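Every number in this text was worked out from the coordinates using simple rules, so none of it is lab data. This one's a predicted model, so the numbers in the text were calculated from it and none came from an experiment. Methodologically, a virtual Cβ is constructed for each residue, glycine included, from the backbone with ideal geometry; neighbour enumeration extends over all protein chains shown.
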Amino acid sequence: MKIKKSHYILLCSILFLISTSCSKQEKTQESIIKINENGIPVMQPMKEGLPELSKSFINDKKYGSARFFEKTWSEKNDNVSFLVAKNGQIIYENYMGYANKRTDEKITKETPLHIASVSKVLTATAILMLIDAEKIKLDQKVTTLIDGFPYPDVTVQTLLNHRSGMRNYAYFTFENNNWDKKKLLTNEDIVKVMVEKEIQLETKTDTHFSYCNTNYAMLALIIEKVTGLKYPEAMKEMIFSPLGMTNTYVCDFEKDRENIVPSYKGNHVEIGTDYLDGIYGDKNIYSTPRDLLKFDAARYAPFFLNKELLKKVYQGYSYESKGLKNYGLGIRMIEFEKGEPFFFHNGWWHGNTSSFINLRKEKVTIITLSNKFTRKTYQSKKLASLFGDYPFKLNEDNDE
């Protein structure tokens, strides 16, 4: 039986539509993996993993990493957690010093330390996942997400890339008796102070870069608004639990204040807490290098973010002033004239210092945490020269 040409064309069209529909369904099903039963996007670990490293490669890089560590952290009274990895595989790690001198507790691979502003990388990731899931938009006005928010031009993007123009809450709550320093400040309180005290923008929104912790305190409130969960629970549900980050948590200050690892001055004098220690989003995540490695490796998973959004994360947004330094969406960068951009984020809160380095081309992760104040933490960038074309001198002595 012969099929008429018109019928043949119709049949082909039907088959094409069925094929396209199946393809869309498969893609939809793949995307659903990122959404849990509560309608909240969750990170997925890298399922197939990245290529295995050869023994010779591991031995070579382990030697260089160990030499760097031994030279940098040579004092017996140093406190540090340190890890170097490639393709999610640990090449070298070392842990030394006290988690708590009062109890003689030592730092181990399972000791959560305050990661300070490296918390911003994780906060930004949660926001980006909500954008990818179409729960919010990158260009959405914050006034539509936070009740009473007083700055009409500030968007989610200008919070992420520090171009909102807002003032740092640590300054405007401290001055002019704007806040009773005997009371713990919360993220919601920041908004109240901004409104009641008529805190003005420092600069016009989206005119230039100005690093400001207030941006990420507001992003934490957005996460709460969209998920219906408090920030500590939202981060646990979206990132920590699905990735098996069992030694990572957001400090609930009223509940955890007696259990957190204390921080110290350079001379080992313990640093107490203050009214700013209840703010989260910009800081207040406690973690370990191994847990942060799980987080970083998961960002290479195929369904982490759509390609267009991921591209926006790792591009600079502030070029009003000449220079190599820039900021993407939750990540710092140095854009050299030649070679690959260097992606990283540092942190400092009380005596805690942190460094999170993400060499994306080489898929290398370098993490350094310390709960005793030191600038040695930031020297970790020198190790980038072991893995790629980065203009850092491994044997150069500096503390920046």
Out of these labelled values of mean projected area of the Cα convex hull in nm², [x] 20.6; [y] 17.8; [z] 25.9, which was calculated from the coordinates shown here? [z]
How long is the gain from LYS325 to THR186 if the chain were fully straight, where each residue apart is worth 0.36 nm and the alpha carbon distance is subtracted? 46.9 nm
Computed label-point distance, nm, for sites ALA301 and LYS225 using a 7 Å Cα→Cβ extension: 2.7 nm
18 Å reach of a label modelled at LYS62, 7 Å along Cα-to-Cβ, counting backbone N of segment 349-379: 365-367
The exposure ranking of HIS114, HIS208, HIS350, fewest beta-carbon neighbours within 10 Å first, is HIS208, HIS350, HIS114
Going by alpha carbons, how many degrees (0 to 90, nearest 10) lie between the helix axis of 119-132 and the longest principal axis of the chain? 20 degrees
If the only charges are +1 at each Lys and Arg Cβ and -1 at each Asp and Glu Cβ, what is the size of the charge dipole of the chain around the Cα centre, to the nearest 20 debye? 1280 debye
So if the hydrodynamic radius of segment 116-162 is defined as the Kirkwood radius over C-alpha pairs, what does Stokes-Einstein give as its diffusion coefficient at 4 °C and 1.567 mPa s, in µm² per second? 115 µm²/s
Can you give the helix-only mean residue ellipticity at 222 nm for the chain, where every DSSP H stretch with n ≥ 4 adds -39500 (n - 2.57) and the sum goes over all residues, rounded to the nearest 500 deg cm²/dmol? -9000 deg cm²/dmol
If I stretch the segment between ARG360 and ILE271 completely, what's the gain in nm (0.36 nm per residue apart, minus their alpha carbon distance), one decimal? 28.5 nm
Any idea how many Lys pairs in segment 134-235 come in under 20 angstrom at the alpha carbon, given 8 or more places apart or on separate chains? 14
List the aspartates and glutamates whose alpha-carbon lies under 13 Å from that of LYS265, not counting same-chain residues fewer than 8 positions away? ASP78
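For SER54 and TYR211 in the same chain, what is the full-extension length gain: residue separation times 0.36 nm, less their Cα-Cα distance, in nm?
52.5 nm
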What does the highest-first list of 309-320, 383-394 look like by mean Cβ count within 10 Å? 383-394, 309-320
Using label points projected 7 Å from each Cα along Cα→Cβ, tell me how many nm separate GLU175 and SER385, to one decimal. 4.1 nm
In nm, the gap between the two label points placed 7 Å beyond Cα toward Cβ at PHE392 and THR108 is 3.0 nm
